[in-house]
Amino acid sequence: MNAKSTGLQSITYEEHDIVLQQLFAAPREHVWNLFTKSENLIHWWGPDGCSIPNCMVDFRPGGIWHYSVRFPDGRILWFLNTYREIINQEQIVFTRAFSNETCQTFHDFPEHEVRLTFEELNKQTSATLRIACASADDMRATVEMGIMPRFVESWNKLATLIEGRQGF
């Protein structure tokens, strides 16, 4: 197991899984809402310097989260996440794939199962993101695409957003 820590954040590379964990300074209910509503996701999701011009969330098992990320160079990437399991304020399981604006996925890029879990710890929330890769080669390709620095940047933006909000 190989781990890298950044403050209250850690990234662990296991056999076929990539795990990101972070402690957020807000109760679980608030963090959950920031992860599950499009009007919140557009303010923090995506790498630094990027925006989310399109974001549609149908938050239910079988529903989708379809969004685009606009990079500073003007490039736009689309993603399609399909919700498989939701346990209110505890866990979200979805598949994540590259797509286009009409929700067609690209099979030449790996599709992953992502498991998000939330645990309340003294009015703070420990969030864990586990990306399950099909094989060690799939995990290596995913890491080489630079996925983890992008997730880290997103979660750092979320932490900054939470710090700026009052009433937690």
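Hey, among ILE64, ILE92, ILE87, which residue is free of Cβ contacts under 8 Å to residues at least 12 places away in the same chain, of a type in the set (A, V, I, L, M, F, W, C) and within 20 Å of LEU129 (Cα to Cα)?
Of the residues listed, the single one that is free of Cβ contacts under 8 Å to residues at least 12 places away in the same chain, of a type in the set (A, V, I, L, M, F, W, C) and within 20 Å of LEU129 (Cα to Cα) is ILE87.
Please work out which residue is surrounded by the most Cβ atoms within 10 Å (Cβ to Cβ), limiting yourself to region 144-168 and to residues that are small (Gly, Ala, Ser) and at pLDDT below 90.
So the residue we want is GLY146.
Count, please, the residues in region 56-81 that happen to be surrounded by 19 or more Cβ atoms within 10 Å (Cβ to Cβ) and more than 20 Å from LEU34 (Cβ to Cβ).
Of the residues in region 56-81, 2 are surrounded by 19 or more Cβ atoms within 10 Å (Cβ to Cβ) and more than 20 Å from LEU34 (Cβ to Cβ).
Can you tell me which residue is nearest to the chain's Cα centre (by Cα) among those in region 59-101 that are under 21 Å from ASP17 (Cβ atoms) and charged (D, E, K, R)?
Within region 59-101, the match that is nearest to the chain's Cα centre (by Cα) is ARG96.
If you go through region 121-131 one residue at a time, how many are of a type in the set (A, V, I, L, M, F, W, C) and surrounded by fewer than 17 Cβ atoms within 10 Å (Cβ to Cβ)?
Here the count works out to 1.
Of these, PHE151, PHE59, PHE109, PHE118, which one is among the aromatic types (Phe, Trp, Tyr) and part of a strand (DSSP E or B)?
Of PHE151, PHE59, PHE109, PHE118, the one residue that is among the aromatic types (Phe, Trp, Tyr) and part of a strand (DSSP E or B) is PHE118.
Does ILE92 meet the test of being out of contact with any Lys or Arg (no Cβ under 7 Å at 6 or more places or on another chain), at pLDDT 95 or above, farther than 16 Å from THR142 by Cβ and surrounded by 18 or more Cβ atoms within 10 Å (Cβ to Cβ)?
yes
Within region 28-55, can you find the residues that are farther than 14 Å from ARG165 by Cα, buried (at least 19 other Cβ atoms within 10 Å of the Cβ) and in contact with a Lys or Arg (Cβ under 7 Å, 6 or more places away or on another chain)?
Once the filter is applied, which keeps residues that are farther than 14 Å from ARG165 by Cα, buried (at least 19 other Cβ atoms within 10 Å of the Cβ) and in contact with a Lys or Arg (Cβ under 7 Å, 6 or more places away or on another chain), region 28-55 yields only CYS50.
The values are calculated or read from the model by the stated rules, or taken from the named source; none is laboratory data. Model, not experiment: these values are computed from the prediction. Please note: Cβ atoms are built from the backbone with ideal geometry, for glycine as well, and neighbour counts cover all protein chains shown.
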